[in-house]
1. Within the stretch 33-43, is even one residue without any contact (Cβ under 8 Å) to a residue 24 or more places away in the chain and in contact with a helix residue (DSSP H, G or I) (Cβ under 9 Å, 6 or more places away or on another chain)?
2. Starting from the stretch 4-20, keep only residues that are over 16 Å from Gln50 (Cβ atoms) and acidic (Asp, Glu), then list their pairs with residues that are open to solvent by 40 Å² or more (accessible area, probe 1.4 Å) and in a loop (DSSP other than H, G, I, E, B) whose Cβ atoms are within a distance under 6 Å, requiring at least 6 positions of separation or different chains.
3. Here are Gly7, Gly39: which of them is of a type in the set (Gly, Ala, Ser) and on the phi > 0 side of the Ramachandran plot?
4. In the stretch 16-34, which residues are over 12 Å from the mean Cα position of the chain (by Cα) and open to solvent by 70 Å² or more (accessible area, probe 1.4 Å)?
5. For the stretch 44-60, enumerate the residues that are under 16 Å from Glu10 (Cα atoms), part of a helix (DSSP H, G or I) and in contact (Cβ under 8 Å) with a residue 12 or more places away in the chain.
6. Looking at Ser44, is it at pLDDT below 95 and surrounded by 11 or more Cβ atoms within 10 Å (Cβ to Cβ)?
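The values are calculated or read from the model by the stated rules, or taken from the named source; none is laboratory data. Values in this document were obtained by computation on a predicted structure and should not be read as measured data. Neighbour counts run over all protein chains shown; Cβ positions are idealised from the backbone, glycine included. Only protein heavy atoms, including side chains, enter the accessible area calculation; ligands, DNA and RNA are left aside. Shrake-Rupley method; radii C 1.70, N 1.55, O 1.52, S 1.80 Å.
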Amino acid sequence: MDDLLPGMLELSRDGGETLTRQLTDQLRSLIAGGRLAPGQRLPSSRQLAQILDLSRNTVSFAIEQLAAEGYLTLAAGRRPAVAEGLMLD
């Protein structure tokens, strides 16, 4: 998974949407589209930031937003996971 996720994301640094917004939207789309399964763990924010060459804050903000929306679950000392029982339209 750690190797697969970066290949599923296409972030543009051309000045359009912010990187945080792009990452949040793309992760949300991957979850909603079933490409990331319930219970599937994502890389840690530190790992994902390093893999994508982003700041850790950028990744953390995206993960926290998706957790607030119910797409991800967070627990201290554990990597973020796609929420179980997520009800999508």
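1. No; the residues of the stretch 33-43 include none that is without any contact (Cβ under 8 Å) to a residue 24 or more places away in the chain and in contact with a helix residue (DSSP H, G or I) (Cβ under 9 Å, 6 or more places away or on another chain).
2. Sorted first by the residue in the stretch 4-20, then by its partner, the list stays empty.
3. Gly39
4. Glu17, Thr18 - these are the residues of the stretch 16-34 that are over 12 Å from the mean Cα position of the chain (by Cα) and open to solvent by 70 Å² or more (accessible area, probe 1.4 Å).
5. Leu48, Ile51, Leu52, Thr58, Val59
6. Taking the combined requirement at face value, the residue satisfies it.
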